[in-house]
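To start, the structure itself, in structure tokens.
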Amino acid sequence: MQTQHKVILANSQQMPEIADSAIHLMVTSPPYPMIKMWDTQFATLNPQIATLWQKLEADSEEETVTQIYNAMHEALARTWRETYRVLADGGIACINIGDATRTVNGKFRLFPNHSRIIEHCEKSGFTTLPYILWKKPTTKPKYKGKGAFLGSGFLPPNAYVTLDCEFILLFRKGKLRRFPPNDPRRYESAFTKQQRDEWFTQIWNVIGTRQTTSQLERRTAAYPDEIVDRLIRMFSVKGDTVLDPFLGSGTTVKGAIKNKRNSIGYETDETLLPLIRKKINLEPSACNLSITKREN
Ligand SMILES: C[S@@+](CC[C@H](N)C(=O)[O-])C[C@H]1O[C@@H](n2cnc3c(N)ncnc32)[C@H](O)[C@@H]1O
């Protein structure tokens with residue numbers, strides 16, 4: 001089966017290249033709000049965010065922290081709303097997101113990104129489904145937000161629980177997807193009993209890319225191939241079209257090629273193109289690949 005793959009260098013807050021209801025599945029991982037490595041990206045998506053960081057330095061107001069956090073999520077929500085438009089009825093959206101811990105305005109705290117995204121997606125019209133917790137190999141526990149317990153590790157009460165899980169949030173647009181009786185595409189896409197038992201549980205132990213990939217790939221915070229493969233096989237059939245509105249290094253397109261789905265990926269950072277090409281070319285069947293840049 002020949003599949004088609006499109007990489008579009010453009011902002012996914014608007015996806016005019018895609019008709020309404022043309023997508024069967026979205027698999028993505030956006031920049032994480034309140035994680036330092038993504039601050040510049042959010043300020044580019046909405047310059048008001050940079051102004052708010054400056055305001056916080058001057059006024060130290062808690063309200064300003066809230067405004068920054070809200071503005072970051074509103075920048076992502078524009079893509080969630082556009083995804084809702086392009087998804088077909090019964091289509092599934094999978095969003096990999098981590099919560100953030102950070103000392104802001106002199107206070108160490110949690111920014112529960114997963115709950116904000118659920119709120120925004122529900123406001124966009126999505127139905128929330130049971131989500132997956134991706135348990136990563138544990139990092140060191142925190143003491144007063146500083147990384148390790150140091151010498152006071154056994155004394156209550158000022159240590160924090162480590163964030164060692166990320167979320168894979170799952171949503172559906174509209175009603176259950178229906179197929180004609182005995183549709184061969186559905187049967188050809190079946191998974192095994194062992195796969196079903198392993199994949200449809202709430203906690204996934206999958207090794208992160210940090211352990212397995214290059215430094216350039218780490219810059220995009222790429223998720224592992226295994227996560228994408230599972231989600232594509234769980235929530236789409238061969239010949240479907242998968243969207244990644246935050247493509248990064250191209251992991252989702254690679255997974256779509258491998259699993260005989262079509263794909264469309266959006267990415268704003270053109271400097272990632274060599275990395276995307278390299279990753280996709282690992283799959284020899286990537287013959288129908290187009291890369292375009294939207295001219296504004
Ligand atoms: C967390 S990374 C995605 C990593 C990806 N899952 C992978 O495996 O490589 C998020 C990506 O989204 C891109 N991005 C951020 N905002 C965007 C937007 N509005 N439209 C398109 N791409 C965006 C960033 O440049 C970054 O490469």
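Within the listed set Pro245, Pro156, Pro274, the Gaussian network model of the chain (springs between alpha-carbon atoms below 10 Å) gives the highest mean-square fluctuation for Pro156. With q set to 0.08, 0.09, 0.10, 0.11 Å⁻¹, the log10 of I(q)/I(0) for the chain, from the Debye formula over equal scatterers at the Cα positions, is -0.37, -0.46, -0.57, -0.69. Over the chain, accessible surface divided per residue gives 51 Å², non-protein components excluded, 1.4 Å probe.
What does the helix-only formula give at 222 nm for the chain: each DSSP H stretch with n ≥ 4 adding -39500 (n - 2.57), the total divided by the residues, and the result rounded to the nearest 500 deg cm²/dmol? Before the final figure, lay out each step's value.
Numbers: 10 runs with 102 residues, N = 296.
Estimated from H runs of four or more residues: -10000 deg cm²/dmol.
For the chain, a simple Cβ point-charge model (Lys and Arg +1, Asp and Glu -1, everything else neutral) yields a dipole of about 740 debye relative to the Cα centre.
Taking amide hydrogens as placed 1.01 Å from N in the peptide plane, the amide H of Thr220 sits under 5 Å from that of no residue at least 5 positions away in sequence or on another chain.
In this structure, the amide hydrogen of Thr101, modeled 1.01 Å from its nitrogen in the peptide plane, lies closer than 5 angstrom to those of Phe111, counting only residues at least 5 positions away or on a different chain.
Per-residue extension of 0.36 nm, minus the Cα-Cα distance of Phe154 and Ala58, leaves a gain of 30.8 nm for this segment. Under the combined filter of DSSP loop state and at most 11 neighbouring Cβ atoms within 10 Å, region 161-193 retains these trypsin sites (Lys or Arg not before Pro): Lys175, Arg178. State the antiparallel share, in %, of DSSP beta bridges confined to the chain, rounding to the nearest 5. Beta bridges within the chain, antiparallel portion: roughly 45 percent. Which of these, Thr103, Thr241, Thr128, has the largest mean-square fluctuation under a Gaussian network model of the chain (Cα springs below 10 Å)? Its mean-square fluctuation being the largest, the pick is Thr103. Of the accessible area of region 18-62, computed with a 1.4 Å probe over protein heavy atoms only, carbon and sulfur atoms account for 54 percent. Per residue of region 118-130, what does 6.51 cos²θ - 1.76 cosθ + 1.60 with θ = phi - 60° give for ³J(HN,Hα)? Whole Hz please, x for Gly and Pro, Karplus curve as stated. Using θ = phi - 60°, the values come out as 4, 4, 5, 5, 5, 5, 6, x, 5, 9, 7, 10, x Hz. In this structure, the amide hydrogen of Gly91, modeled 1.01 Å from its nitrogen in the peptide plane, lies closer than 5 angstrom to those of Lys173, counting only residues at least 5 positions away or on a different chain.
Largest mean-square fluctuation among Gln67, Gln54, Gln194, in a Gaussian network model of the chain whose springs join Cα atoms under 10 Å apart, belongs to Gln194.
If R0 is 41 Å, the Cβ-Cβ spacing of Lys193 and Met1 corresponds to a FRET efficiency of close to 0.95.
The values are calculated or read from the model by the stated rules, or taken from the named source; none is laboratory data. As the structure is a computational prediction, the values presented were derived from the model and not from experiment. Here the Cβ is made from the backbone with ideal geometry for all residues, glycine too, and neighbour counts use every protein chain on show. All accessible areas refer to the heavy atoms of the entire protein, side chains included, with ligands and DNA or RNA removed. Shrake-Rupley method; radii C 1.70, N 1.55, O 1.52, S 1.80 Å.
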